[in-house]
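Q: What follows is a single structure, and I will ask about it in a moment.
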Amino acid sequence: MPFAGRHVVLGVSGGIACYKSCTLARRLTEDGAVVDVVLTTAAAEFVRPVTFEALTGRPVLTSLWERDRALAHIGLAKRPDLVILAPATAHLLARAAMGMADDLLTALLLARSGPVLAAPAMNDAMYAHPATQANLKTLAARGWHFVGPEAGPLAEGPSEQPGRMSEPETILATAGRLLVAGGRLQGKTVVVTAGPTREHLDPVRVLTNPSSGRMGYALAAAAYARGADVLLVTGPTGLALPLGVTTHRVETTAEMQRAVQSLVKQAQVLIMAAAPADYRPTTSAATKRPRSNGKVTLELEATPDILATLARPKDCVVVGFALEAGGDGVANARKKLQDKLLDFVILNDALEPGAGFEVATNRVTIIEKGGEPIALPLLSKRDVAEQILDAVERALT
Ligand code: CTP
């Protein structure tokens, strides 16, 4: 977890997006960060310090002139692993770009040499103004990182132009990535497949399976958080797309095969968490088949086995899943590991409560080529994803 035990300063300047900073402060604290909130005078007009104190369990700082806090700005500039500015108003960005130090927040920014992540939030015209754009350029040239702003409704009404602060989850994902810099997945391209595929009997009927896509999406999000460039190939799912990930939507197993075959050329890691449909009708009707009361016989053929037929780059770490329902799971999974030329196979028992399709948890066994199986306890799919990525990182040369 990128935030556990890390020290974060959350600098809040005065804009209506301040209400989202409360969620951000809470989420950072929940994820294990020690969060010092610094409010500008304007921010304290929007949200009272006591709100942030309750959310972070720490005193909130608002002024350079508080008793016993002399030089607080120097400590707050030097110690934290990350300074997040959310919202970063046009005025705050202008003062920071100028190197002003007329309050606690700008003073600490002037003394700061470590990473700063700013989430700009302002009226769309103020954001587009050349003065703001020049300030953003200046700050980016000094190494600041930015997240957003995004297009969408502003306090003063709807807008198609950027200005709205990114959502707390987006800011968290970006901040997490900055904090984990240096891991083995940093800068690596990771292809992840997720979800089921669908094979059409006719335009309105499909053969598919109940895979939710959650395991693959959790892997994609976790790999992104570790600094990887993530390419997600997803079958149809009802899930929100993971942040920061480049997504390729496919429907059939053959489409998934084409996408994976093309994307894997640039990958250092491939994780096949999808549950592609294994069979498709030999013919698919162009129009809806009329319903009939008698028996219907479908002729099916096997879809391509994506992993078994994949031309993969040398040194690409390949992870497959083995969904087993009863029998000797480990032996079956090992066979898939060999037959599909995998480096790892993740054994999933579909019959086990809390594991497999359509649930938020999973119990898996990680089997590495030539290694002993590692049986994990029942965990959230995100925690399973972290364990799998730990194993992948160890295997990356
Ligand atoms: N897989 C694949 N192409 C398919 C079907 C599955 O590449 N057409 C991948 C899955 O994404 C998974 C691995 O192969 O990583 C094993 O999938 P699984 O459904 O457990 O096994 P199958 O190969 O389909 O074999 P069986 O259904 O006989 O257990």
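The values are calculated or read from the model by the stated rules, or taken from the named source; none is laboratory data. These figures come from a predicted structure and were not determined experimentally. When we count neighbours, we look across all protein chains shown, and the Cβ atoms used for this are built from the backbone with ideal geometry, even at glycine. The protein model used for the area step is the full one, side chains on, heavy atoms only, and it has no ligands, DNA or RNA in it. Shrake-Rupley method; radii C 1.70, N 1.55, O 1.52, S 1.80 Å.
Q: Return the residues of the stretch 137-149 that are crowded, with 16+ Cβ neighbours inside 10 Å, of a type outside the set (Val, Ile, Thr) and out of contact with any Phe, Trp or Tyr (no Cβ under 7 Å at 6 or more places or on another chain); say none if nothing qualifies.
A: Leu139, Trp144, His145, Phe146, Gly148
Q: Select from the stretch 316-349 the residues that are among the small types (Gly, Ala, Ser), touching a Leu at 6+ places or on another chain (Cβ under 9 Å) and either open to solvent by 50 Å² or more (accessible area, probe 1.4 Å) or within 9 Å of the ligand (Cβ to nearest atom) (or both) and list them in ascending order.
A: Residues satisfying the conditions are Gly320, Ala322, Ala325, Ala333.
Q: If you go through the stretch 221-248, how many residues are under 8 Å from the mean Cα position of the chain (by Cα) and open to solvent by 50 Å² or more (accessible area, probe 1.4 Å)?
A: So the answer is 2.
Q: Any chance you could count how many residues in the stretch 355-381 are more than 20 Å from Val330 (Cβ to Cβ), surrounded by fewer than 18 Cβ atoms within 10 Å (Cβ to Cβ) and not acidic (Asp, Glu)?
A: 5
Q: Which helices (runs of 4 or more DSSP H) does the stretch 1-86 wholly contain that include 2 or more residues that are out of contact with any helix residue (DSSP H, G or I) (no Cβ under 8 Å at 6 or more places or on another chain), open to solvent by 30 Å² or more (accessible area, probe 1.4 Å) and more than 30 Å from Leu389 (Cα to Cα)?
A: Those helices (runs of 4 or more DSSP H) span 41-46, 49-56.
Q: Evaluate the following for Gly244: is it on the phi > 0 side of the Ramachandran plot and either within 14 Å of the ligand (Cβ to nearest atom) or at pLDDT below 95 (or both)?
A: Here the answer is yes, as Gly244 does meet what is asked.
Q: Further question: Any idea which of Thr287, Thr303 is away from the ligand (no atom under 13 Å from the Cβ) and either under 32 Å from the mean Cα position of the chain (by Cα) or of a type in the set (Val, Ile, Thr) (or both)?
A: Thr287
Q: Then there is this: Please list, ordered by first then second residue, the pairs with beta carbon atoms under 6 Å, 6 or more apart or interchain, first in the stretch 244-267 and hydroxyl-bearing (Ser, Thr, Tyr), second within 13 Å of the ligand (Cβ to nearest atom).
A: Final answer for the pair search is Thr252/Thr197; Thr252/Glu199; Thr253/Thr197; Thr253/Pro276; Thr253/Ala277; Thr253/Thr303.
Q: Have a look at Ala96, Ala107 and point out the one that is at pLDDT below 95 and at negative phi.
A: Ala107
Q: Taking the stretch 87-96, which residues are within 31 Å of the chain's Cα centre (by Cα) and buried (at least 20 other Cβ atoms within 10 Å of the Cβ)?
A: Pro87, Ala88, Thr89, Ala90, Leu92, Leu93, Ala96
Q: Now for a different question. Select from the stretch 152-180 the residues that are open to solvent by 60 Å² or more (accessible area, probe 1.4 Å) and more than 15 Å from the chain's Cα centre (by Cα) and write down the one among them that is farthest from Val260 (Cα to Cα).
A: Glu156
Q: Spot the failing condition for Thr208; the list is (1) of a type in the set (Val, Ile, Thr); (2) away from the ligand (no atom under 14 Å from the Cβ); (3) surrounded by fewer than 20 Cβ atoms within 10 Å (Cβ to Cβ), and only one is missed.
A: Among (1) of a type in the set (Val, Ile, Thr); (2) away from the ligand (no atom under 14 Å from the Cβ); (3) surrounded by fewer than 20 Cβ atoms within 10 Å (Cβ to Cβ), the lone unmet condition for Thr208 is (2).
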